[in-house]
């Protein structure tokens, strides 16, 4: 890994990069993704790729070949982190402790296990209550 401070891109950033129905957010998402690639500071969880695939299949209706190409590109351009049994156990604890959704808790646990303390997401309220986590919203005007 590069010595740059790493940040995890939440699935919604990836999805907006494909969402032609929202051109303003699509442009901002693409710029953010490209900037992370250029800085070599972006991280994705395998969970992000699973969720991204699901949304592109069910809501954006992209052909599987196109989805797979994007997954291959993201896997090349970003560091990938994985969850495991311990991540799932921790996520279950976080669901109870923070009263959060399981899949958000799994992202939090996976980030913690991999020393990632910054997440880029539109869903600031899903993560802002985690004391050790810094949340940035690339769609919010500065």
Residues that are touching a strand residue (DSSP E or B) at 6+ places or on another chain (Cβ under 7 Å) and part of a loop (DSSP other than H, G, I, E, B), drawn from the range 105-120:
114, 116, 117
Can you tell me which of 89, 56 is modelled with pLDDT of 95 or more and farther than 21 Å from residue 18 by Cβ?
89
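Give the range 130-142 a look and list any residue that's in a loop (DSSP other than H, G, I, E, B) and under 25 Å from residue 28 (Cα atoms), or say none.
Within the range 130-142, 133, 137, 138, 139, 140, 141, 142 meet the criteria.
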Scanning the range 81-92 for residues that are without any contact (Cβ under 8 Å) to a residue 60 or more places away in the chain and surrounded by 12 or more Cβ atoms within 10 Å (Cβ to Cβ), the one nearest to residue 34 (Cα to Cα) turns out to be 83
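The values are calculated or read from the model by the stated rules, or taken from the named source; none is laboratory data. All values reported here derive from a predicted model rather than from experimental measurement. FYI the Cβ positions are ideal-geometry reconstructions off the backbone, even for glycines, and counts take in every protein chain you see.
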